[in-house]
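Structure, as structure tokens:
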Amino acid sequence: METISHDKPTLDTAKFRDPERTATGAERATVSLNQLDTLWINTGTLCNLACANCYIESSPRNDALVYITAAEVAAYLDEIERDGWGTQTIGFTGGEPFMNREFMTMLDDALGRGFEVLVLTNAMKPMTHHRQALLNLRAQYGQRLHVRVSIDHYTRDWHEAERGPASWTPMINGLAWLSQHGFNLSLAGRLFTTETETEMRAGFARLFSEERLNLDANSPDDLTLFPEMNADTDVAEITSNCWEILDQSPDDIMCASSRMVVKRKGADSPAVLSCTLLPYDSAFELGRTLAEADQAISLNHPHCAQFCVLGGASCSG
């Protein structure tokens, strides 16, 4: 296995300091919340794995974001219904969501209210401990329960280089179980090797064939390949003129249609953040309610440029 160098130009310290102006003095781009299509719930940062490049630093010891409760999640679902937000999807991420003891209650509640539900998981033991409960939800709610499994690469060596020894086989077993039982299933991989996206998708196609997975590696719905994120790597700042230059619309950026709820360690209540990518930066904490979070977001972080604008990615798919 070749060695991938992550050595790239270091971020200019003059960048991403002023929420209104870039380092050159240009007007910084902002994104307004047009429609809350997806509300993400971070169930807690504790995870059964400690991946080499986890953007949220999840691990068996990191509880910076503590387990949110089913009652706290229900309060946000109540707010959506009461105030007519029109939200279609509730997304659950972590950490590993299935480690939260109240997670299955949250799933049942969201599905029972009629939401589409997207769960991000590594498909390992925390998930497989709930196989019967998941089968019950699958039988009751069908394709409205969507499970997205994180798999860093289509080979064991590269996957385990990121996720640790002995992480491949349990993930493959969990993935196969989900596929065999007809779950609405997709995968999330990463573009972190020297391979092109075309080469990555060809590799995943071989894996899907070998494991008899009912997935299409060329479909972005079945396989999402996320760009790498590194807040220390130099990247261009996004100005208000960039939308025209890049032929993009701010309406297509993740924070135009989603927010994330977290529960910080020691906090009295959960908070609403601009997106899933910035769980620790207080500048992107918008308040305790969805109403308070209905405000424009200044793209004042490297992830805004790397992942969303220049990377063209969204956690919602």
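Excluding A71 itself, what net charge comes from residues whose Cβ is under 12 Å from its Cβ, given Lys and Arg +1 and Asp and Glu -1?
Counting the neighbours of A71, the net charge comes to -3.
Can you match percent of Cα pairs over 24 Å apart to one of these, [x] 70; [y] 57; [z] 54, based on a calculation from the structure here?
For percent of Cα pairs over 24 Å apart, the calculated option is [z].
Only Lys, Arg, Asp and Glu count, each charged at its Cβ (+1, +1, -1, -1), so figure out the dipole size of region 34-309 about its Cα centre, rounded to 20 debye. Mind dumping the intermediate values first?
On the way: 20 positive and 38 negative charges, 244 e Å.
Here the size comes out at about 1180 debye.
So, counting K/R as plus one and D/E as minus one, what does the shell of residues with Cβ under 12 Å around L290 add up to?
Around L290, the surrounding residues sum to -3.
Rounded if a/c is under 1.5, else prolate if a/b beats b/c, else oblate: with a ≥ b ≥ c from the C-alpha gyration tensor eigenvalues square-rooted, which is region 1-102? Don't skip to the end; give the middle numbers.
On the way: a/c = 2.61, a/b = 1.19, b/c = 2.20.
It is oblate, given that a/c is not under 1.5 and a/b is not larger than b/c.
Using a Förster distance of 51 Å, how high is the FRET efficiency between Q143 and D232, based on the Cβ-Cβ distance and rounded to 0.05?
0.80
Take the Cβ-Cβ distance between R101 and N241 as r, set R0 to 30 Å, and report the resulting FRET efficiency rounded to the nearest 0.05. Can you show the working numbers first?
On the way: r = 49 Å, r/R0 = 1.63.
E(calc), rounded to 0.05, equals 0.05.
Give the cross-link partners of K15 among the aspartates and glutamates, using a straight C-alpha distance below 15 Å as the criterion and excluding same-chain residues fewer than 8 apart.
In chain and number order, the partners are E27, D232, D234, E237.
Among 232-243, 91-102, what's the highest-first ranking by average C-beta atoms within 10 angstrom per residue?
So the order, starting with the most tightly packed, is 91-102, 232-243.
With a sphere of radius 13 Å drawn around the Cβ of T87, what net charge do the other residues whose Cβ falls strictly inside it have (Lys, Arg +1; Asp, Glu -1)?
Residues close to T87 contribute a combined charge of -4.
List the aspartates and glutamates whose alpha-carbon lies under 12 Å from that of K263, not counting same-chain residues fewer than 8 positions away?
Answer for K263, where 12 Å is the Cα cut-off: D63, E72, E285, listed by chain and number.
Just check region 177-317 against the gyration tensor rule for me: Cα atoms, a ≥ b ≥ c as the square roots of the eigenvalues, rounded for a/c under 1.5, and otherwise prolate or oblate depending on whether a/b exceeds b/c.
Working: a/c = 2.24, a/b = 1.44, b/c = 1.55.
Judged from the Cα gyration tensor, region 177-317 comes out oblate (a/c at least 1.5, b/c at or above a/b).
Give me the one-decimal nm value for the distance between modelled label points at Q180 and Q132, 7 Å along each residue's Cα-to-Cβ direction.
In this crude label model, Q180 to Q132 measures out at 1.8 nm.
Tell me what the chain gives for mean residue ellipticity at 222 nm when only DSSP H runs of n ≥ 4 count, each as -39,500 (n - 2.57), the sum divided by the residue total, rounded to 500 deg cm²/dmol.
Value at 222 nm, helices only, nearest 500: -7500 deg cm²/dmol.
Quick check: from the Cα gyration tensor, does region 69-198 come out rounded (a/c under 1.5), prolate or oblate?
prolate
Given points 7 Å out from each Cα along the Cα-Cβ axis, report the T24 to D37 separation in nanometres with one decimal.
Distance between the two pseudo-spin positions: 3.1 nm.
None of the figures in this text is laboratory data; all of them are computed from the coordinates on show. Since the model is a prediction, treat every value here as computed from it, not as a measurement. Note that each Cβ is placed from the backbone with ideal geometry, even for glycine, and that neighbours are counted across all protein chains shown.
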